[in-house]
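Below is one structure; the comments refer to it alone.
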Amino acid sequence: MPTLTEFSSFFVLGLAAGAVYALSGTGLVVLYRTTGVVNFAFGAIGMVSAFVTWSLLQTSWCPNALAYLGAFGVAIAISLIYGMVVAPPFAQRDSVTKSVGTLGFALLLVGIVFVTWDTAKVRKLDLGVEDWKLDIGKIRLNGLNVISIVLAAIVVASVTVLLNRTRLGTAMRAVANDREVAALAGIPVRRIDLVAWLGAGAICGLVGIINAALVNFDVNTLTFALLVPSLAAATIGRLSSLWITMLGGFLIGVMSRVAKSFSGDLQFVSDYSEIAPFALAGAVILWLGRHRTVVLSGRAMR
Amino acid sequence: MIYPRTIAALVVASLAMAACSSDSETSETAETTRSSAAAETSAAATTTEAAAAETTVAGTDATADTEAASATSAAEATAPETDATPAAAEVCGLGTGEPASGDPIKIGAVTTQIPGVDLSAGPAGAKAYFDCVNDNGGINGRPIEFIVENDQLDPGAAAAAGKKLVESDNVVLLAGGISILDCALNGAYYGEQGFNMITGGVGAACFGLPHIAPVNAGPAYSGQISAQYVASQGATGKIVFVAPKVPGAEYFSSAAEAWALANGFEYEAIYPDTPVQDGAAVALDAVTRAGEGGGVIVSGSPQDTATMLQGAAEQGLIDDVYWAAGASADDISLVEALGPEWDGKVAVAAEVADVNGDAPDIALYREVMGEYGGDAALGAFSVFGFLMAEIAVDAMLGIDGDVTKESANAALNEVVDYESDFLCKPFYFGDSDLHLANNSQRNRTPDGDVFAELTGCTPLDPVDDVVKAVYAYEKANGI
């Protein structure tokens, strides 16, 4: 069994990783609730923005603040391009078809990055907060851990307020409930879709640069490795509840990291630490199935 | 509400910014690399009586360069250990300055290149040298056509790649590749087809077949060098080996394990997924297992190694254990990514000399890579490819008569006592049942923007059966 210190150290790391999963899951849920698209290109868009940010930071002419804004700009632009050009022809198709379209888009973005950047080069994205450290005994908390956790809470709270307390949010929820009825009621469905793609793009940019700094500045990790725990978090939130999605993200992060602290007779726990997202999501799906709740309907709104 | 014109303006501005940034990054990187190489060459010229400055890609005064090589080697802390004759002159092949023409000589290689596992710098180094040779008279007038296949870390694709090179492309020689799968899947086949292959060894099969000779030591034996180093620095108790999960990862850990257990250490290997998804968690796991004062050896791609070491730094774990990294971390971009907190704190096993060194062979490598290497990074992997190409070209230039599959492979088999400024000991092929000519390595550590030498050439302790057999062969043959 791990000591309390070891357990706590892994717990803190799990919270930071969980924050990234929570943010990603939030982006997935927001887009799905409005457009019915499970965005498999979520990680890829963030990955491109991380590479652009890194490149801007290498230049002498670009202030750091502009480089980080560039990440958001690029992620929003890519997301909007998809929302304006590719998504409309899929609008009347089923959710699975819409979602698979984003998978192809993710592969296209990966290809563009491979052509544009030397991906074998070792990169580090320094956000300037890593040097802030708080040591509690042997447990270390750094600025990046704290910012990730705080940002996850802020983003979820902001999106919740937007959806529940504003006219735009009401329109988005109306579109999510029934596009045709919303259109008949005079809601500009296409524009609402674009707002959802814009918001999802901004979250992609945020997750991309945090993930590159916190986890691994690697094409595969940023594009695909993030997808599984993020989708699992969104599934736990039944693709509708932002707060439960956030909780799911944190749970997955903590479970997968804390499991690594086991050794000796309990080494098998560490060996299977990567199954945490599947285990949690699977348990939730089974639980929901027991109560006959349709998970991927796109209608259930909380 | 958001309006289409606003959106369009945002899209255009962002894309323009992205395009500008990627372009500037590419050109700036290339420029930095080249100017750095030029500065090094210039510095070398000052300290070695203009020897390195005379080192040119096209033909130069070979005698003067050879003399300069001796002077340079004498000044180096990491001079080769043997009294073998100096390497070939520091020119590409014949060094005539005339382009080769006529019927090409086909040389084939297999590499592994997928996102996260990219060994293509090896064949890129080989191609740079072959291209330089082609601009300098080729192989007695004939150009080299270098064909590289990607095994994509897929056994089916690897087998197909080997078969294509041999049966469709009809290559005469196999040299310049670095692949995780090629030796294991195609090694026996190449032997049956009459090939002697010179390669960058990764898996066990590259070191255990009579007709395959690696120029490097591979992850397993550089892992042993790392184990020897952390022990020499005072590590006690347990050595933990971290090898990201790729085919053969258990083999990567095997030589370090054999050495650690034979020398009274506890030993444990852990295999995180690759690409490593949380460097801090993996580093914390390794340090927790090693315990205070233990040793942690990090193996894997440069990016994975950087991620784990960055994670260790974030968690304040640098001084808790003795750190070492396998030879794949011998990549200058790793130094830039790690930052000064790792200066002197991690020993990187180095199978070849520093690419920023002054010696003539190294200066030639930098110059060839600058002119023919395209975007390929300077580092250990492209040095492996460059060395393989040099050895293959020298072997073929020594052939009396036509260069055919039979004559080329016979010539490669006869290579012995091949010295290079990059190697601690001369390379040899010969008739050994297994090959590990690169059995003495250095250790380096980040120092500012470059690597600094921690130890000179350090021989592998004869613990592993392969090392014992190789030493016995070398003793019996006076190597």
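The values are calculated or read from the model by the stated rules, or taken from the named source; none is laboratory data. Computed from a predicted model, the values in this text were never measured in an experiment. Backbone-built Cβ (ideal geometry, glycine too); neighbour counts: all protein chains shown. When the accessible area is computed, the model is the full protein with side chains, heavy atoms only, and any ligands, DNA or RNA have been set aside. Shrake-Rupley method; radii C 1.70, N 1.55, O 1.52, S 1.80 Å.
Do you know which residues across the stretch A:90-116 are open to solvent by less than 60 Å² (accessible area, probe 1.4 Å) and not hydrophobic (A, V, I, L, M, F, W, C)?
Those that are open to solvent by less than 60 Å² (accessible area, probe 1.4 Å) and not hydrophobic (A, V, I, L, M, F, W, C): A:SER95, A:THR97, A:LYS98, A:SER99, A:GLY101, A:THR102, A:GLY104, A:GLY111, A:THR116.
Which count do you get for residues in the stretch A:160-206 that are among the acidic types (Asp, Glu) and within 11 Å of chain B (Cβ to nearest Cβ)? Even if it seems obvious, please write down each step before you answer.
To start, the set of residues in the stretch A:160-206 that are among the acidic types (Asp, Glu) comprises A:178, A:180, A:193.
Narrowing the set further to residues that are within 11 Å of chain B (Cβ to nearest Cβ) leaves A:193.
Of the residues in that region, 1 qualify.
Can you give me the ranges of the helices (runs of 4 or more DSSP H) entirely in the stretch A:117-227 with at least 1 residues that are surrounded by 22 or more Cβ atoms within 10 Å (Cβ to Cβ)? Give the steps one after another, and end with the answer.
Details: elements: A:143-165, A:167-177, A:179-184, A:189-214.
Per the criteria, A:143-165, A:167-177, A:189-214.
Looking only at the stretch B:190-247, how many residues end up being in the same structural domain as B:GLY456 (by TED's automatic domain parsing), part of a loop (DSSP other than H, G, I, E, B) and open to solvent by 20 Å² or more (accessible area, probe 1.4 Å)?
Residues that pass the stated criteria total 7.
From the set of residues in the stretch A:43-78 that are crowded, with 24+ Cβ neighbours inside 10 Å and among the polar types (S, T, N, Q), which is nearest to A:ILE192 (Cα to Cα)?
A:SER49
Among (1) open to solvent by less than 30 Å² (accessible area, probe 1.4 Å); (2) of a type outside the set (Phe, Trp, Tyr); (3) under 21 Å from B:GLU371 (Cβ atoms), where does B:VAL148 come up short?
(1)
Mind checking which pairs have a first residue in the stretch A:62-78 that is more than 10 Å from chain B (Cβ to nearest Cβ) and a second that is of a type in the set (Val, Ile, Thr) and assigned to a helix (DSSP H, G or I), Cβ under 8 Å, 6 or more apart or different chains?
A:TYR68/A:THR53; A:TYR68/A:ILE209
Rundown of residues vs (1) surrounded by fewer than 24 Cβ atoms within 10 Å (Cβ to Cβ); (2) within 14 Å of chain A (Cβ to nearest Cβ), yes/no style:
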| site | (1), (2) |
| --- | --- |
| B:ALA281 | no, yes |
| B:ASP285 | no, yes |
| B:ASP304 | no, yes |
| B:ALA312 | no, yes |
| B:ALA329 | no, yes |
| B:LEU338 | yes, yes |
| B:GLY344 | yes, no |
| B:ALA350 | no, no |
| B:GLY357 | yes, no |
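At the interface with another protein chain (Cβ under 9 Å from one of its Cβ atoms), surrounded by fewer than 21 Cβ atoms within 10 Å (Cβ to Cβ) and part of a helix (DSSP H, G or I), is that true of A:ILE81?
Details: at the interface with another protein chain (Cβ under 9 Å from one of its Cβ atoms): yes; surrounded by fewer than 21 Cβ atoms within 10 Å (Cβ to Cβ): yes; part of a helix (DSSP H, G or I): yes.
Judged against the criteria, A:ILE81 is a match.
If B:MET396 satisfies all but one of (1) within 21 Å of B:ALA204 (Cβ to Cβ); (2) open to solvent by less than 10 Å² (accessible area, probe 1.4 Å), what's the number of the condition it fails?
The one condition B:MET396 does not meet is (1).
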